[in-house]
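Beneath this line is the structure, given in structure tokens, with notes to follow.
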Amino acid sequence: MAKLNALCDNLGSRPGKKRVGRGMGSGKGKTAGRGHKGQKARSGTSGVRTFEGGQTPIYRRLNKIGFFNIFRKNFAEINIGKIEKAIEEKKLVADKVIDVAALQTARLINRAEGGLKVLGEGKLTKALKIEAVKWTKSAEEAIKKAGGSIAAPAKKEPKAKAEKPAAKKVVKKKAVKK
């Protein structure tokens, strides 16, 4: 019977690492399979992946296209139909304000760095109070038709910075010549 401490691969199934640079008789001595001189013969270099033998590389020959906006805001989007379904499943309460925090506790959205955007797909039958940064016209019409309201969240005022005390003026004494 096999023992867990005695399990191992069959002999020869994992060949050992080729020992290079161990003398002329080993078959991989002297230059150890690296050829003669040059950058690739030296240790500690891997070369540039995009190097194409000195010709202008493809990434420089092709034109630059596209744009990536680093200031883009990522909104958490949700349809009104999904909100209606969550209320029916008792994940959300229709009487309370539905905002980012309420949707996160109901696990309907994950992250909302840029805020919440309400989309108008689906039907809405209950009057809801929704706080969102953005919304579509169709979503606004459906919410108002059901007797609810949608508004942007109140902005939090930043804390006032403590004023630094005025710096003391240093008066330099003039050197007197004798």
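The values are calculated or read from the model by the stated rules, or taken from the named source; none is laboratory data. Remember, predicted model here, so these are calculated numbers, not experimental data. A quick note on method: Cβ atoms are made from the backbone with ideal geometry, for glycine too, and the neighbour counts reach across all protein chains shown.
Worth pointing out:
- Asn74 touching a residue at least 12 places away in the same chain (Cβ under 8 Å) and in a loop (DSSP other than H, G, I, E, B): yes
- Yes/no for Ala86 being in contact with a Lys or Arg (Cβ under 8 Å, 6 or more places away or on another chain), within 30 Å of Trp135 (Cα to Cα) and modelled with pLDDT of 90 or more: no
- Evaluating Asn110 against the criteria (1) of a type in the set (S, T, N, Q); (2) in a helix (DSSP H, G or I); (3) exposed (fewer than 13 other Cβ atoms within 10 Å of the Cβ) leaves one unmet condition, (2).
- Residue in region 18-27 that is modelled with pLDDT of 90 or more, assigned to a helix (DSSP H, G or I) and β-branched (Val, Ile, Thr) present: no
- Within the option set Val133, Val176, Val170, being more than 24 Å from Glu89 (Cα to Cα) and either touching a Gly at 6+ places or on another chain (Cβ under 9 Å) or hydroxyl-bearing (Ser, Thr, Tyr) (or both) holds for one residue only, Val133.
- Filter pass, Ala127 being part of a helix (DSSP H, G or I) and modelled with pLDDT under 95: no
- If the condition is being in contact with a helix residue (DSSP H, G or I) (Cβ under 8 Å, 6 or more places away or on another chain) and surrounded by fewer than 10 Cβ atoms within 10 Å (Cβ to Cβ), then region 1-44 contributes only Gly35.
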